[in-house]
Structure formats: C-alpha cells, structure tokens
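I have placed the structure first, in the form of structure tokens, so that the comments after it can refer back to it.
The values are calculated or read from the model by the stated rules, or taken from the named source; none is laboratory data. Worth saying up front: this structure is predicted, and the values here are computed from it rather than measured. Because the Cβ atoms are built from the backbone with ideal geometry, glycine has one as well, and the counts that use them run over all protein chains shown. Surface areas here come from the heavy atoms of the whole protein model, side chains and all, with no ligands, DNA or RNA. Shrake-Rupley method; radii C 1.70, N 1.55, O 1.52, S 1.80 Å.
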Amino acid sequence: LANVENQIDSKGAKDAAIFRFLVWYMKIPNENKHSILYQAVISRESYIANLLFENACIVDSAQGFSESELNDLHAHFHRCARDGELDLFNILVNQSVINLNSQDQHGWTALHFAASYGRANIVSLLLERRHICISTENSEQHTAFYYALHPKFEGQGYLDTANLLFKRGARLSKD
C-alpha cells in the first residue's frame, strides 16, 4: 500500500486523500453495511462525497439507504446549514434523497439552523429551491425568519439573512 500511496501522492493531494479515505473505509468495522457514500458524508469528506455522487453513487431515491442512514444524512444536512459548511451542503442540497424541509426532533429545518446562525449564503441557496417551505414552525412555533431576527444562540439579529427571507414573504409566524 505504501508504494501505491507514494505513486498517488505524486499525482496530487486530492488523489492521495481519496486513496487514504478508501484504505480507511476498508479497515473500519462496518457491521451496519454502510455505503462508502454514506461514510464520506458523515466523515465530512466533501470532495469524495461529490465524486461519489457524480460518478459512482448517484442516488435518485431513498433506496439503498436504511432509515437510520437517511436520518443521519438529514442530521448532517442540518449540521452543514448550522455550521456553514458550504461544500458539503452544496452536495447534499442537490441530492433527491435529501428532504429540504426535513425537521429534527425539535422541528428545526436546515432553514431554521442557517437563519439562526446568520448563514446568508446557505439561506440563499435554500431559497432558490422550489420546494423550500419558509413558513415551517418548530416546536416553539417559531419560523426561520424569527431566528434571523432573534437568533437563539448568538444574541443579535442577522439583517442580511432576515432580509433574504422577508423578500421571499417570510413572516414571524404562519398567522
């Protein structure tokens, strides 16, 4: 393996990263039979996940993923929105297996997370999608627009994020 890795290293860092990821994947105990695509997403390997989605593992439906894997993928989708991980978010948002309006156990959507943390770039990407619901309320009956104005975690509003939502017709509540 070391000889092959040295040859790949001479071709470029991305090829070497792919090789190391594949070697790691082959070594991990995989009792749940998770796919390499799933492992790339949960490991935050956006470059590898993108290659797999584009070339070898295009997923047009939830087939091929267990219910727990789908839940995990949606949790990672929410995390990317919250943390502003644009590369991996861009990959996930374009996959039909991802429900853009999925809610966590507290009713939060990716839009809630992105708005609450002032991730205007993520909010903008979500608002470009036809099926995004801007009026979804969480378990506290708050919309994403509410959190853009009153972020739960940061203490001050995000006017650029709130403005994007307001221009799309967002309001503080469904009423």
From the options Asp72, Asp160, Asp104, residue that is under 27 Å from Val41 (Cβ atoms) and open to solvent by 50 Å² or more (accessible area, probe 1.4 Å) = Asp72
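Quick check on the stretch 96-105. Is at least one of its residues over 16 Å from the mean Cα position of the chain (by Cα) and among the charged types (D, E, K, R)? Spell out the reasoning first.
Let us first name the residues in the stretch 96-105 that are over 16 Å from the mean Cα position of the chain (by Cα), namely 105.
In the following step, the residues that additionally are among the charged types (D, E, K, R) were identified as none.
No, the stretch 96-105 contains no residue that is over 16 Å from the mean Cα position of the chain (by Cα) and among the charged types (D, E, K, R).
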Within the stretch 107-141, which residues are of a type in the set (S, T, N, Q) and surrounded by fewer than 17 Cβ atoms within 10 Å (Cβ to Cβ)?
-> Asn121, Ser124, Ser135, Ser139, Gln141
Please work out if Lys152 is over 26 Å from Ser46 (Cβ atoms), touching an Asp or Glu at 6+ places or on another chain (Cβ under 8 Å), at pLDDT below 95 and in a loop (DSSP other than H, G, I, E, B).
-> no
Only one residue in Ser68, Ser61 is modelled with pLDDT of 65 or more and more than 18 Å from Val123 (Cβ to Cβ). Which one?
-> Ser68
